[in-house]
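Heads up, the thing below is written out as structure tokens.
The values are calculated or read from the model by the stated rules, or taken from the named source; none is laboratory data. A quick note: this is a predicted structure, and the numbers were derived from the prediction, not measured. Cβ atoms come from the backbone with ideal geometry, glycine included; neighbour counts cover every protein chain shown.
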Amino acid sequence: MTKHVLIADDEPNIVISLEFLMRREGHRVSVARDGDAALAAIRSERPDLVLLDVMMPGRSGMEVCQAVREDPALAGTKILMLSAKGRDTDLAKGTALGADAYVTKPFSTRELADKVRELLAGV
Amino acid sequence: MLSTPLVLAASFAYLLLLFGIAHYADGRGRQGRSLINNAWVYALSIGVYCTAWTYYGSVGRAASSGLWFLPIYLGPTLGMLLAWTVLRKMIRIARRDRITSIADFIASRYGKSRALAALVTLIALVGILPYVALQLKAIASGLALLTGSPGTAGPWWQDSTLYIALLLAGFTIAFGARHLDSSERHEGMVAAIAFESLVKLLAFVAVGVFVCWGMFAGPGEIFTRAADRTDLAPLLGLGGGEHFAAAQWFALTLLAMLSVFLLPRQFQMLVVENTDERHLKRLSWAFPLYLLLINLFVLPIALGGLLHFGSGRANAETFVLSLPLALDSPGLALLAFIGGLSAATGMIIVEAIAVATMVSNDLAMPLLLRAQRGSPRDVSALPLAVRRTVIVALLLLGYLYFRVAGEAYALVSIGLISFAAVAQFAPALFGGMYWKGGTRAGALAGLAAGFALWAWTLLLPSIAKSGWLPAAFLAHGPFGIALLRPEQLFGLAGFDNLTHALLWSLLANAGLYVAVSLARAPTGREAAQALRFVDAMHDAGHDVGHDSGARPVAWRGAGGSDELRALAARFLGVDSARRLLADFARRRGGSPAAPDAELVNQLETQLAGAIGSASARAAVASVVEEETLAPDDVLRMLDETSEVRALNRQLASLDRLKDDFMSSVTHELRTPLTSIRAFAELMRDDPQMDPAQRQHFVDLIVAESERLSRLVNQVLDMAKIESGHAEWRNETIDLAALVAHAVETTAAGFQARGITVTVEAPAQVPALHADRDRILQVLLNLLSNAAKFAPQDGGRVTVRLQADAREARIEVRDNGPGVPPEQQRLVFEKFRQGGDARARPQGTGLGLPISRQIVEHYGGRMWLHSTPGEGACFGFALPWHAEETKP
Amino acid sequence: MRSSKRRSQPATLLRQRLLALFAAGWLALNFPLLAVWDHPVRIGGLPLLPLAVFGGWALLIALAAWIAESGADD
């Protein structure tokens, strides 16, 4: 069954690379370019997994993650956070807010694909 | 002879009277019309120093060695002269830190050490037992004498003294262990003690008057007759023929002077119960006066008794009773007995309460806390139960000592054993108040050594001399080692046992205190506390009793406010806790936000009042994660000069800026890198990729690489300019030509977006002296910004150059969306990009900040004028003649 | 690290006087000076030494009272 992956990032080129990667993995892809659009898309399209960038205009990735986790209707959504910030505190914050995984940029496409596969396996 | 029921009834009535006074005073205190906030009452309350010892022991001592009873009272007299300095400092410290016992005081000074608090408590507990026993003995023998009953002979369950002890225990509990929170003063107790001081003074003076003028024709006759008898005459002198008499007199005086401060009951009344510092002035002379008056008739009574009964035939200690009885004044004898009872009761009540507080806070609660870690049971009832138990135990143990060792010594000697015990606190306590170098290890070492030596040279011999330990070790030393004989330690012979013990114990105590303290530098916490104590008088005199905000705040941890509230509720009770937190929030203006160090500190102080400062620290530490203070932190807390503070603030903000910048740069650098890496990997992993797609990705990699290079260059540029390391190659510039050149360079970009560019410039402008490339950089930056934000197909950009006598002004105006007012300031900050962030075109965010730096380097200024919806106008001005400024 | 703002409390007259009295008291009421009075002499029927000791004691108290209550404040 094809899974639906939402890519939430404001950097166009990163979106392109992620889109390509996810399509190659066989998933259906939609895109949001800022935090508010991401949240709206999650609510309306109910993707199985969100690739969520942290530094976004409007609502930050952290805020989106928190909002999703606070909504019981969206409990099934897997969240994989992407960020250029890689300090322990950021990682801890992300996990504390309920992200299922946290990957720092620049990432390895192979690792990212593996993680996505892992997360979607349980869905 | 009086009938026992009568004596008991009178005693009971008197005790009830005391209780009534206490009750009344408590009530007045609650109403706010305190009875005890009065210098005279305060001075009288210190009369608790005079116990049954004064009543019986002094007379006994005078009868055997004349004036040698006096140093016990001369010492305190001299000590009181220091009240205004030393005592005031102690009171200030205690008030500020809510210290409620001497164990607390010492432990607090050395970093709130629980071990130290426990040791001090132990010493106080053991040391005070002889003193308690003394009181019981006095009451017992007085009672026996008065009623003619056999006294303490017989098995212990028939011993009336035991029941007296239990009765007094109950009385003490009723007096001072009815409710918790010993930070409240015991108004009732103080009033009662002041009253009983008066009673015992009057009773004693009454007996004195009776003996002098009732039995004899005045003191003159007593002394004359005494002088005529060879056995009594020496009592009128000092008996200076003894070896080391000077040393002994000195030692006794010193000992008494220390004890008037260090006995638990003294500390309680002097420091804890003090209501006003200014009372200390009255105290300086009023208390010595009291001592003088109560001692005035000691010698006449002693001599009178000896004259009447003949020496060696009657127990001199009970002269105050036996003389009135012998002369058929049972009423006076009863009054004297009540006076003695009063003296003993006063001592027991205050001493027991003080010691019970210490044991509860510094021995029991820490153990209980450790056992209960994690289980949030309400423990507010526990300290009270502990205190009551301790009071009963104390009296029973005192009784035990009385049975075991009470017969060996005269009352005076027993009391001196206790004095010597509490004297061990002196180095740690007074050293701690005046020497910043004192450390916890030093205090522990000194106290331990002093206590050990005291026990060896005084306590054990007293028990041995009563027959409960084999006396062989007294004469020959333990295991026959003569050098270790308790009363001639290391061969030091010739002194009386007290002076000898004092010498060794204080020597070892003070010596180890200093030596061990100097062995290692104080820790951060110790240094912090040392400053608070030693410099306590340097704080402003006001704010005593309130937490002054200027106090260095040592907590640096986080802790949920819920946890703190739970902690407070657990020990102070739910209502007090709620009140405390609300109070704090109100003073801070607003609802309690996250707890900060000040709140935690205040909470700790409040708790200290209830359970002792060492336990409070432990409790709060268990909730809040505290970072240990390094000495650097302490120094930072100490620096209160405005210059250093300001510099530190500046440094901190610059540091923060640097950190922000660094994190922004790394983020900006990582973003293009992410794309580059991702595309490269995608191409590597898919050899069959569609060539068009591959080409697309390669183009993107190139673009992002360029972006990355630009960024790196700009960051380096920025760094160079800001640090002053940039190279400025100044030459003569024709601004008009430069502007034209800039527009030409960017023409392609504008054309592609359908934006028209207009240039307005005078034909001739004066020459500018600056780095051509840099100024061009600024122009290009402004133009490219305009290109980004001007609308496509219809965008208009105007470049205007103006020159006047002072400066050149260049403006680049576009008709884009403009910049909202709140963002106008931010536009020049690093990594901020204006306009609608969602539609942010590719840029580094560093262009404008660098431009501004360049302009300001030449003494110019840069600005932005914009109304949202009507475009933006970026401009800069460059003076013709300006000093180049290093940024 | 001590800053220029922190200066030691100026010893006030009250404190100094009391301290001086303290020192004097120790000297007067201790042995060398005390033993001076140790003679079997009587004044007004009262022996010298006790009289001297109590007298000195009273004097000490009186001086302390005068100093403390004289209003010389900190």
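Quick notes on this structure:
- When residues of region B:76-96 are limited to those that are facing chain C (nearest Cβ under 9 Å) and touching a residue at least 40 places away in the same chain (Cβ under 8 Å), the one nearest to the chain's Cα centre (by Cα): B:Arg88
- Test: residue in region B:73-91 that is of a type in the set (Gly, Ala, Ser), over 15 Å from B:Thr275 (Cα atoms) and in the same structural domain as B:Ala177 (by TED's automatic domain parsing): yes
- Qualifying helices (runs of 4 or more DSSP H) (wholly inside region B:379-494; at least 2 residues being at pLDDT 90 or above, surrounded by fewer than 22 Cβ atoms within 10 Å (Cβ to Cβ) and not assigned by TED's automatic domain parsing to the domain that holds B:Phe267): B:382-405, B:425-434, B:440-454
- Within region A:52-64, the set of residues being crowded, with 23+ Cβ neighbours inside 10 Å, hydrophobic (A, V, I, L, M, F, W, C) and within 12 Å of chain B (Cβ to nearest Cβ) comprises A:Val54, A:Met56.
- Among the candidates A:Ser44, A:Ser30, residue that is over 26 Å from B:Val665 (Cα atoms) and out of contact with any helix residue (DSSP H, G or I) (no Cβ under 8 Å at 6 or more places or on another chain): A:Ser44
- When region C:7-24 is filtered for residues that are at pLDDT 70 or above and either loosely packed, with under 15 Cβ neighbours inside 10 Å or more than 8 Å from chain B (Cβ to nearest Cβ) (or both), the ones remaining, listed by number, are C:Thr12, C:Leu13, C:Gln16, C:Arg17, C:Ala20, C:Ala23, C:Ala24.
- Entry remark, region C:36-61: residues being farther than 18 Å from B:Leu81 by Cβ and either outside any helix (DSSP H, G or I) or in contact (Cβ under 8 Å) with a residue 24 or more places away in the chain (or both) number 12 in total.
- Test: residue in region A:42-49 that is over 22 Å from B:Ala680 (Cβ atoms), surrounded by fewer than 24 Cβ atoms within 10 Å (Cβ to Cβ), modelled with pLDDT under 90 and polar (S, T, N, Q): no
- Looking across region B:23-52, the residues that are modelled with pLDDT of 90 or more, surrounded by 16 or more Cβ atoms within 10 Å (Cβ to Cβ) and in a helix (DSSP H, G or I) come down to B:Ala39, B:Val41, B:Tyr42, B:Ala43, B:Leu44, B:Ser45, B:Ile46, B:Gly47, B:Val48, B:Tyr49, B:Ala52.
- Restricting region B:712-766 to residues that are among the β-branched types (Val, Ile, Thr) and surrounded by fewer than 17 Cβ atoms within 10 Å (Cβ to Cβ), the residue that is farthest from B:Arg800 (Cα to Cα): B:Val712
- Residue tally, condition aliphatic (A, V, I, L, M) and more than 7 Å from chain B (Cβ to nearest Cβ), over region C:44-59: 4
- The lone exception for A:Leu82 - which of (1) within 14 Å of chain B (Cβ to nearest Cβ); (2) under 19 Å from A:Leu18 (Cβ atoms); (3) assigned to a helix (DSSP H, G or I); (4) in contact (Cβ under 8 Å) with a residue 12 or more places away in the chain it fails: (3)
- Among (1) buried (at least 17 other Cβ atoms within 10 Å of the Cβ); (2) farther than 19 Å from A:Asp10 by Cβ - the single one A:Ala67 does not satisfy: (2)
- Lone unmet requirement of (1) charged (D, E, K, R); (2) surrounded by 15 or more Cβ atoms within 10 Å (Cβ to Cβ); (3) under 23 Å from A:Lys3 (Cα atoms) for A:Lys105: (3)
- Any hit, region A:106-114, residues being within 14 Å of another protein chain (Cβ to nearest Cβ), more than 21 Å from A:Arg23 (Cα to Cα), part of a loop (DSSP other than H, G, I, E, B) and over 14 Å from the mean Cα position of the chain (by Cα): no
- If only residues of region A:1-37 that are among the small types (Gly, Ala, Ser) and within 12 Å of chain B (Cβ to nearest Cβ) are counted, the one that is farthest from B:Ser705 (Cα to Cα) is A:Ala37.
- Tally of residues being at pLDDT 90 or above, surrounded by fewer than 19 Cβ atoms within 10 Å (Cβ to Cβ) and either of a type in the set (S, T, N, Q) or not assigned by TED's automatic domain parsing to the domain that holds B:Leu201 (or both) across region B:289-326: 0
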